[in-house]
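Beneath this line is the structure, given in structure tokens, with notes to follow.
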Amino acid sequence: MASTVDRRVRKSQQAIKKAMIELLVEQSFDQITIQDIADRADVSRRTIYLHYTDKFDLLDKLIEEHMDELQQLCESTEDDVDYTDPDVLVIWFEYLESHALFFSAMLVSTGSPIFRNRFLAFFLQELGKGTEPAVTDEVNVDIQFLGAAILGVVEWWFKNEQPLPPSVMAERVGALLERNLGASVPLD
């Protein structure tokens, strides 16, 4: 039987997460205190400590939440995912757009190297899904290159305040993958 989270608890957690993201846009993670988060979320420090060990735990939970949601999006698509297809990629960009404040804070503002590394690992994992276990060095380099390229494109998109809609971004990333992977790596 799945446990249900009390509405008040859920509301407090959402306020705390939102406060953390807003603060990350304004200042570096090192400068943020639990008191800053409590003041912004309009909760007590005790409330924060009921849900999170410290600000590092809060950041880790925020990152984990978004990585899990992106992973679920990927798993909800067809078994044979073709990441050169803009219709598949648009799902990523729509998700990124709907959580723009978080991704902007993580990639642009003060950023988080931990998040950037996990985000890159996510792209590498998705791009490498269709490769054989004994992947060649050439294919591995292609995947590394394309994962870093996608991360760079996403960073550019947020640094420039999303000047293009998700559908256009999906088309361009799909074309990048098509040109560089072609038939060398099956993307399924």
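Every number here is computed from the coordinates shown, using simple stated rules; none is lab data. Keep in mind that what you see is a predicted model, and the values were worked out from it rather than measured. Cβ coordinates were reconstructed from backbone atoms using ideal geometry, including for glycine residues, and neighbour counts include every protein chain displayed.
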(message) Only four residue types carry charge here, +1 at the Cβ of Lys and Arg and -1 at the Cβ of Asp and Glu. Report the dipole size of segment 8-92 about the Cα centre in Debye, rounded to the nearest 20.
(response) 1060 debye
(message) Contact order normalised by length for segment 61-181, with contacts defined as Cα pairs under 8 Å and 6 or more residues apart; what percent is it?
(response) 41 percent
(message) To make sure I understand the rule: partners must be lysines, Cα under 21 Å from the Cα of LYS55, and not fewer than 8 residues away in the same chain. Which ones qualify?
(response) LYS11, LYS17, LYS18
(message) So for each of 91-102, 50-61 I average, over its residues, the number of other beta carbons within 10 Å; can you give me the resulting order with the highest mean first?
(response) 91-102, 50-61
